[in-house]
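Data first, discussion second: the structure below is written as C-alpha cells.
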Amino acid sequence: MKDQQLQDKVVGDRMNRVDGRLKVTGAAKYSAEYELPGLVHGALVGSTIAKGRITSLDTKAAERAPGVLAVITHLNSPKVPGFAAKSNPDEPPAIGQPLRVFHDEKVYFNDQPIALVVANTLEQARYAARLVKAQYAADEHRTDFEANKQRGFLPTQAKRNPKSAQNDYDRGQKNGYQTAPVKLEAEYVHTSEMHNPMELQSIIAHWEAPDRLTVYDKVQAVKGTQRAFAKDWGLPEENVKVIATFVGGAFGNGLHNWPHETAAIIAAKKLNRPVKLVLTREQMFTMVGYRPYTWQRIGMGATKDGKLVGITHESVGQTSSYEEFTESTLQQTRMMYTSPNVSTRYRILGLDISTPIWMRGPGEATGAFALESAMDEMAHLLNLDPMEFRLRNYTDVDPDNNKPWSTKFLKECYQLGAERIGWNKRQMKPGSLRDGDWFVGYGMGVGTFGANRGTAKARAVLQADGTVVLQSATTDIGPGTGTVMVQIAADALGMPPEKIRFELGNSTFPTAPSQGGSATVNTVGSAVLEACTALKGKLQQLGGAAFASAKPEDLTLAGGQLSLASNAGTKVSLADLRKQNNGQDIDVTVEAKPGNERQKYSMYSFSVHFAEVRVHAMTGEVRVSKMVSCADAGTIVNHKTAGSQMIGGAVGGIGMALTEGAVMDHRFGRYVTKDLADYHVPVHADAPAIEVAFVDKPDFIVDPLGTKGIGEIAIIGVAPAIANAIFNATGKRIRELPITPDKLMA
Amino acid sequence: MNQFQYLRPTKQQAAIEALARTPNAQFIAGGTNLLDLMKRGVLEPPRLIDINRLPLGKIERDNGRLRIGALALNGAVAEDKQVLERQPLLAQALNAGASAQLRNMATVGGNMLQRTRCSYFYDTAMPCNKREPGSGCGALEGYNRMHAIFGFSDKCIAVHPSDMSVALVALDATVLISGPKGDRRLPFADLHRLPGDTPQKDTNLEPGELITAVEIPDGPFTKNVHYLKVRERASYAFALVSVAAALSLDGNTIKDARLAMGGVAHKPWRLAEAEKSLIGKPATEATFRQAADIAMQGAKAFKHNSYKLRMAPNSIIQALKNAASVA
Ligand SMILES: Cc1cc2nc3c(=O)[nH]c(=O)nc-3n(C[C@H](O)[C@H](O)[C@H](O)COP(=O)(O)OP(=O)(O)OC[C@H]3O[C@@H](n4cnc5c(N)ncnc54)[C@H](O)[C@@H]3O)c2cc1C
C-alpha cells in the first residue's frame, strides 16, 4: 500500500487479502489439517435403504481388517446424553430433531450414517468400511417430490407463531391478479442443488479430558457449534472449544451441525484418541444439506399499460421426515414491486431424505427464479421492455409494511447494468439475434436480501510492540472477513493495516453470530468499529490531561506513540501508556448491537443481473457470453473482495441456471448423480467475462459503517436473468432448472 | 479401496504373465479411471500391474501408417506434430475429452478401455449387470438420460464414454495386441462389443491381453474434419452426443467420408451407411441431412434420453457442416 493512501481511508481500497499468501502457499490450516499426537481416521458407512430399520449389522470382517481400531454403530455407541432428552425442538434452523447418529436402528434416508470405522490410516478405514454389512427391514419410502407435492404442509413454526412470515399472506384482495386484464399463470421447478464447496466437510474431535472437548470443525458458527455440542454432552459451554480458523467455502452447509460431526466425537470418546473424519465427495450429497427441490406457481396480473394488479406466489419446498427446514422463498414477491394485491402461500413437504439447509441466497434465490421469470413473461405479454416493466412498478416504500427503505438505489443499478451489458442491443422479438450458428439473447433478473445486523462482541488489544490484535468469534468462509475487519480497524484507529491483526474462528473469542445471511460485516464490522473506538477512548484516558479534550479522530497511533494529528507536539509513548495501565496490554471488549431502526425502516440490499447468452441452434447448448452484476450494498469496504463475492455469486447462478441439479432414482430413494463428474458445477470455460458495478452509497441506518451485505444478492436473480436471456434468444421458456440442452431440444 | 499387490515390470512378457497368473488382476496405466473404480468399490483387483515402465509410449510413422504406443499420453498425442498433420480429427477428439490434467495422465490404451460412466455401474448399492451379472439393469427403468439409443440390449443400455475412440473408429484404426497366446491385430471397430447377454464384457480382448499400440492408416482426411461434442458445460463433461466427421472434398463434391458417433451406444458407433450416402454428393446441408436421416435409422430412446433422437441428427449435420466449412 502506498503511503499516500494511508493518509486517506483504507475502507474502500482494493486491499489484498490479509491471508491470501497463507492460502495460496498452503500454510493456512483447514480443519482436517491439524496434526495431533495419536490421531486416527474415520470412515462412515451409509445405509442402502431410504426408510426402515437395521435388523442386523455384521462388523466382524471390518473389525478384523488391518489397522482397524473400532467399528461404532448404534449397538455399541457411547450414549450421547443430549440425545435422550427431548431437547429444544424449537431451535433454528428447524423444528424437529436433528438426526441422532448411532442412536437407534432407524433409517430415515438413503446413505444415512449407520457405522463409523476407525483405523490407523484413512485407507484402512475406508477399506474396512466397505466390509460392514447391514440387513434391513425396509419400509415403503417416499422420496418423489412430484408424486407427493399435494402433501405439502404449513410449517409448524408458522402454525405456532401467527407473526411468522411463513404464514399465508394476502395484501389487498386474495388472488387479486385474477381480476386483471392481462394475466399469466405458470409453474416453476427448481431441482435440489447440492453443496459442493472445494473443501470437503471435515472434523477432528479431541477429548482433551473426559469433560473437555476440542473440535477442529468446518463450520460457519463456532459459538453455535460450541453450544450445540455442550448441550449434547451435558458440558458447560466453556468446556467445548471449536476451532475453524480457515474454511474452504461453505455457502450455508456449515450453518447446521451434521451427523458426521457427532460421529467423530463419539468415536474420539470411545477410543480416547483424536479422530479425524472427512466426508467423501459422494457423502456431500447426503450428509450435509442442500438447496431443497422447490415447486412454485405464480399467478400474475397487470393492466395493459404495465401496472401490476396482483401476484399470487405459492411454493412447496422439500424437507426431511425428521426436521422442518424452512426458508424465505416468497419475501421478494411481497416487497419488490408495487402491486396492490399480493398473496403468498408457503408449504414444505417431508420426504424420506436428509434435511436440506440454506445455500447461498437461500430461499430468495429460488423464489426470485419464479418471480423474475414471471416478470419477464408478463413483460413479453405486454410487449414491454422487461426493464421498463419493472420501472413502472418500482416502489419507493416497502409495500409489505409501508415503511420507508433505509436506502434503495436499485434504479441506479438498472441504469449501470443496462449500459454495461448493452441492453439496447436486446430485441423485443425473441429469436431475432443471431451470431453464426448461435442465437443471442439478453435477460435481466433482480435480487434482494434483508440488510441484517445482529449482536456481536469484539476485543481489541494494543500490545507492547505497538500492534493491535482484534478478536471475534466469527468465521471467514471465503469472502475476506479478516481483510475487511483490518480495513475497518485501520480507519477507526488511524493505523496502517500492517499493524493490525484480526483473529476469528475460535469459540474462546468474544461472541459473534454465525457467518451467514450476508450480515457479518454489518454485525462484526460494527463491533470492530466500536471496539477500536473504545480502545482509543481508553488510550485517551491513559494519556492523561494533554489528550482529555481531543476528538477521537484526532488521535493517531504510530511509531510507538500516541499523538494528536492536529498538534504533533502532544504525544505520549506507548511504554508510558502501558505504565499507566499497570504494565498490561491495553485491552477492551465491547458488544455492539442494532437499535430500534428496524421498527422504522425497511432494510434491504439490492442487485440486478444482466446476462447475454448464446444458444446453439442445432444442439441446444447454452453459453453465457457476458454478465453484468450491479449491486446496491451500501458502503463497499473492499472493492476487490466485494467484487470477488459478486463474481462468485454470478458463477454460482450460472450453475443453478444451467448445470446443477441432483437426480434421485425414486425406486431406491438414492441419488444417481453424486460426484463431480455427474453433478456439474460450472467450470472456467462456463464463466464469461463478469463485470461488477457497485452503487457504493452508505446506509448509516443499517449500521455505522453504512454496509448492507453482499453475499446473497450476488446470486439472487442470476438464474432468472439467464432463463430470461434464453427466452429472448430462442422464444423457449424453460421453467425447470437447470436448463440443460435436452430441455431445449425437447 | 481394497488392499492389493503392486508390480511394476519392465518387460512386456513379464507384465502379460503377471496378469495371467492372478484372476481379476488389472493393468494400470494412468490410473485415472481404474483408481476411481477401485475407490468406489466397483473393482477390487487383488493385483495391479503397472505398465508405465514398458516402452510403449512412442508415436511414429511407418509404411503409410501412424503408430501410437498404448502408453502415449492423451495430451501428448493431441499435440503431436504428425498427429496434427495426418490425423487432426484424432487430436480434436482427444482435446474434447476430460481436462488438461487428466489428459496429461491418461494413456491411449487406458482411454479406449475406460469403463462406462453409467451411474448404476458406479454405485455398488444399485443393480447393474455389467458390474454384477444377473443383478439387473438399473438404468433400463431408471435414470437413463445419458444412455444408448443404438445397439443396447435389455441387459444393458450403457454407453462407451471415450471421445478418442469415436475418432479412431471413424479413421479405420487397428489395435495391436500382445497376449499369452502371442501377438495379434484387431480392427478398432471390433475392439468394443455390444452388450447382448454379457454386458460385463466391454471388449473382445482375451484375458491377459495387453494393448501395445494403435495404428491409423494415412488417408485424405487432413483438412475437412470436425469433432463435435455436445455437453451441458463448456468443458470437462462427458458427451451427451458426439460426432466425428471427416470429409475428402473435390471442390464442393464429397469424394470420401468418415462418420462416427459417441454417447449413443455401448461402443463407438460408426455410421457406414451414412458415409456411403455422402460420397459423390455436393457438400450441402441437404446432403448432410440425408446422411443424418440414414444414420438415425433404428434409433430408439428410453424415458429420459429421447432428446438424443433430435440432438444426434442435428449434431451430425452440424459436424459435417463444420468439417466442410459450410456456413
Ligand atoms: C472427471 C473425469 C472426466 C473425464 N472426461 C472424459 C471425457 O470427456 N472424454 C473421455 O474420453 N474421457 C474422459 N475421462 C476418462 C479418461 O479419458 C480416462 O480415465 C483415461 O483415458 C483412462 O486412461 P488411463 O491411462 O488413466 O487408464 P487406467 O485408469 O490406468 O486404465 C483404464 C483401464 O484400462 C486398462 N488398461 C490400461 N492400459 C492398458 C493396456 N495398454 N492394455 C490393456 N489394458 C489396459 C486398465 O487395466 C483399466 O482397466 C474422464 C475422466 C475423469 C476422471
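The values are calculated or read from the model by the stated rules, or taken from the named source; none is laboratory data. Model, not experiment: these values are computed from the prediction. Positions of Cβ are generated from backbone atoms using ideal geometry, with glycine treated the same way; all protein chains shown enter the neighbour counts. All accessible areas refer to the heavy atoms of the entire protein, side chains included, with ligands and DNA or RNA removed. Shrake-Rupley method; radii C 1.70, N 1.55, O 1.52, S 1.80 Å.
Please compute the length gained on full extension between A:N272 and A:S625, using 0.36 nm multiplied by the number of residues separating them and subtracting their Cα-Cα distance.
121.6 nm
Placing one identical point scatterer on every Cα of the range A:557-711 and ignoring solvent, what is log10 I(q)/I(0) from the Debye formula at q = 0.14, 0.17, 0.19, 0.20 Å⁻¹?
Rounded to two decimals, the profile gives -0.92, -1.05, -1.13, -1.17.
For chain B, rounded, prolate or oblate, judged on the Cα gyration tensor with a ≥ b ≥ c (square roots of eigenvalues), a/c < 1.5 rounded, else prolate if a/b > b/c? All intermediate terms of the calculation are to be shown ahead of the outcome.
Working: a/c = 2.02, a/b = 1.28, b/c = 1.59.
Oblate.
Between A:A575 and B:K181, what is the label-point separation in nm under the 7 Å Cα-to-beta-carbon projection?
With each label point 7 Å from Cα toward Cβ, the separation is 9.3 nm.
What number does the range B:59-211 give for Rg over Rh if you use C-alpha atoms and the Kirkwood radius?
Rg/Rh for the range B:59-211 comes to 1.00.
List the lysines whose alpha-carbon lies under 24 Å from that of A:K159, not counting same-chain residues fewer than 8 positions away?
Partners found: A:K86, A:K149, A:K174.
Amide H neighbours of B:I59 under 5 Å, at least 5 residues apart or on other chains, H built in the peptide plane: list them.
B:G69
Kirkwood Rh over Cα pairs of the range B:252-294 into Stokes-Einstein at 25 °C, 0.890 mPa s: D in µm²/s?
Using the Kirkwood radius from Cα pairs, D works out to 229 µm²/s.
Net charge near B:A324, counting Lys/Arg +1 and Asp/Glu -1 over other residues with Cβ under 15 Å of its Cβ? Write out the running numbers ahead of the final one.
Values: positive: B:K223, B:K255, B:R258, B:K281, B:R289, B:K321; negative: A:D437, B:D250, B:D256, B:E275, B:E285.
Combined, the nearby Lys, Arg, Asp and Glu give +1.
Determine the per residue accessible area of the protein assembly as shown with all protein chains present and a 1.4 angstrom probe, expressed in square angstrom. Provide the component values of the computation, followed by the final result.
Details: 39980 Å² over 1073 residues.
With the other protein chains kept in place, the protein assembly as shown gives 37 Å² per residue.
Label points 7 Å out from Cα along the Cβ direction at B:Q12 and B:D154: separation in nm?
4.4 nm
As a test of understanding, state the convex hull volume per residue of the protein assembly as shown from its alpha carbons, in Å³.
186 Å³
Non-local amide H neighbours of A:V309 (under 5 Å, H modeled in plane, Pro and chain starts lacking H): which ones?
A:G301, A:A302, A:T303
Just want to confirm a number: the relative contact order over the range B:224-324, from Cα pairs under 8 angstrom separated by 6+ residues, in percent.
Reported as a whole number, the value is 30 percent.
For chain A, what does the helix formula give at 222 nm: sum of -39500 (n - 2.57) over DSSP H segments with n ≥ 4, over the residue count, nearest 500 deg cm²/dmol?
Numbers: 21 runs with 184 residues, N = 746.
Roughly -7000 deg cm²/dmol at 222 nm, from the helical runs in chain A.
With θ set to phi - 60°, apply the Karplus curve 6.51 cos²θ - 1.76 cosθ + 1.60 along the range B:297-309 and write out the HN-Hα couplings as whole Hz, x wherever there is a Gly or Pro.
So the J values, rounded to whole Hz, are 4, x, 5, 9, 9, 10, 4, 9, 10, 5, 4, 5, 5.
Between B:T124 and A:K60, how high is the FRET efficiency from 1/(1 + (r/R0)^6) when r is the Cβ-Cβ distance and R₀ = 22 Å? Nearest 0.05. Display every interim value, and only then the final one.
Numbers: r = 20 Å, r/R0 = 0.89.
Computed FRET efficiency for B:T124 and A:K60: 0.65.
Mind checking the full-extension length gain between A:R212 and A:E388? Use 0.36 nm per residue of separation minus the Cα-Cα distance, one decimal, nm.
Full extension of this stretch gives 57.2 nm more.
So if I place +1 on the C-beta of Lys and Arg and -1 on the C-beta of Asp and Glu, and nothing else carries charge, what would the dipole magnitude of the protein assembly as shown be about its Cα centre? I want it in debye, nearest 20.
820 debye
In Å, what Kirkwood hydrodynamic radius results for the range A:665-732 from the alpha-carbon pair distances?
The Cα-based Kirkwood calculation yields 16.5 Å.
Past 23 Å, Cα to Cα, is the threshold; run A:K241/A:K269; A:K23/A:K640; A:K241/A:K270; A:K499/A:K536; A:K106/A:K133 against it and keep the listed order. The partial results should precede the final answer.
Details: A:K241/A:K269 15 Å; A:K23/A:K640 17 Å; A:K241/A:K270 19 Å; A:K499/A:K536 15 Å; A:K106/A:K133 16 Å.
From the list (A:K241/A:K269; A:K23/A:K640; A:K241/A:K270; A:K499/A:K536; A:K106/A:K133), the Cα-Cα distance tops 23 Å for no pair.
Please list, by residue number, every one of the GluC sites (Glu not before Pro) in the range A:277-365 that is coil in DSSP and has at most 14 other beta-carbon atoms within 10 Å.
Numbers: sites: A:E282, A:E314, A:E323, A:E324, A:E327, A:E364; in loops: A:E327.
Taking the range A:277-365 and a limit of 14 other Cβ atoms within 10 Å, no loop GluC sites (Glu not before Pro) are found.
With labels modelled as points extended 7 Å from the Cα through the Cβ direction, what inter-label distance (nm, one decimal) is found for A:K411 paired with A:E597?
According to this spin-label approximation, the distance is 2.3 nm.
Counting only C-alpha contacts under 8 Å and six or more residues apart, can you give the relative contact order of chain A as a whole percent?
On the way: 1920 pairs, mean separation 120.9, N = 746.
Here the relative contact order equals 16 percent.
Rounded to the nearest 0.05, what FRET efficiency is calculated for A:A147 and B:E141 with R0 set to 22 Å and r the Cβ-Cβ distance? Intermediate values should be presented prior to the final figure.
Working: r = 16 Å, r/R0 = 0.71.
With R0 = 22 Å, the Cβ-Cβ based efficiency is 0.90.
Find how many whole Å separate the alpha carbon centroid of the range A:422-441 from the alpha carbon centroid of the range B:219-272.
With the range B:219-272 and the range A:422-441 each reduced to a Cα centre, they are spaced 29 Å.
Two decimals is fine: what is log10 I(q)/I(0) at q = 0.11, 0.16, 0.24 Å⁻¹ for the range B:224-324, from a Debye sum with one equal scatterer on every Cα and no solvent?
Result of the Debye calculation: -0.30, -0.62, -1.27.
Give the residue from A:I54, A:V637, A:F153 lying farthest towards the positive end of the charge dipole for the protein assembly as shown; charges sit on Cβ (+1 for Lys and Arg, -1 for Asp and Glu) and the dipole is referred to the Cα centre.
A:I54
Just how far, in whole angstrom, is the range A:620-683 from the range B:22-61 if you go by their alpha carbon centroids?
About 35 Å separates the Cα centre of the range B:22-61 from the one of the range A:620-683.
Once amide H atoms are placed 1.01 Å from N in the peptide plane, what residues at a sequence separation of 5 or more from A:L69, or on another chain, have their amide H within under 5 Å of its amide H?
Under 5 Å from the amide H of A:L69 lie the amide H atoms of A:V118, A:A119, A:N120, each far enough along the sequence or on another chain.
Read phi for every residue in the range A:633-649 and hand back ³J(HN,Hα) as whole Hz from Karplus 6.51 cos²θ - 1.76 cosθ + 1.60, θ = phi - 60°, with x for Gly and Pro.
For the range A:633-649, the Karplus-derived couplings read 10, x, 4, 9, 6, 9, 5, 6, 5, 5, x, 5, 4, 5, 5, x, x Hz, x marking Gly and Pro.
Between chains A and B, what is the buried accessible area summed over both chains (1.4 Å probe, protein heavy atoms, nearest 100 Å²)?
Chains A and B together bury approximately 3200 Å².
Evaluate the Kirkwood expression for the hydrodynamic radius of the range A:108-245, namely the inverse of the mean inverse distance over all pairs of different C-alpha atoms, and round to one decimal in Å.
Numbers: mean 1/r = 0.0471 Å⁻¹.
Evaluated on the range A:108-245, it is 21.2 Å.
If you take the charge dipole of chain A about its Cα centre, with +1 on Lys and Arg Cβ and -1 on Asp and Glu Cβ, which of A:Y442, A:P688, A:A137 is farthest toward its positive end?
A:A137
Could you work out [θ]222 nm for chain B from helices alone, using -39500 (n - 2.57) per DSSP H run of at least four and dividing by all its residues? Round to the nearest 500 deg cm²/dmol.
After summing the helix terms and dividing by residue count, I get -7500 deg cm²/dmol.
What is the distance in Å between the Cα centres of the range A:155-210 and the range A:569-584?
About 55 Å separates the Cα centre of the range A:155-210 from the one of the range A:569-584.
Can you give the FRET efficiency for B:R193 and B:A272, using 1/(1 + (r/R0)^6), R0 = 25 Å, r = Cβ-Cβ distance, to the nearest 0.05?
It comes to 0.90.
Determine the dipole magnitude for the range B:224-324: charges of +1 sit on the beta-carbon of Lys and Arg, -1 on that of Asp and Glu, nothing else is charged, the reference point is the Cα centre, and the result goes in debye to the nearest 20.
So the dipole magnitude of the range B:224-324 works out to roughly 380 debye.
With a 1.4 Å probe and all protein chains kept in place, how much accessible area does B:C156 have, in Å² rounded to the nearest 10?
10 Å²
Residue by residue through the range B:209-225, what is 3J(HN,Hα) from phi via Karplus (6.51 cos²θ - 1.76 cosθ + 1.60, θ = phi - 60°)? Round to whole Hz and write x for glycine and proline.
Running phi through 6.51 cos²θ - 1.76 cosθ + 1.60 with θ = phi - 60° gives 7, 10, 7, 9, 6, 10, 10, 10, x, 4, x, x, 8, 9, 10, 8, 10 Hz.
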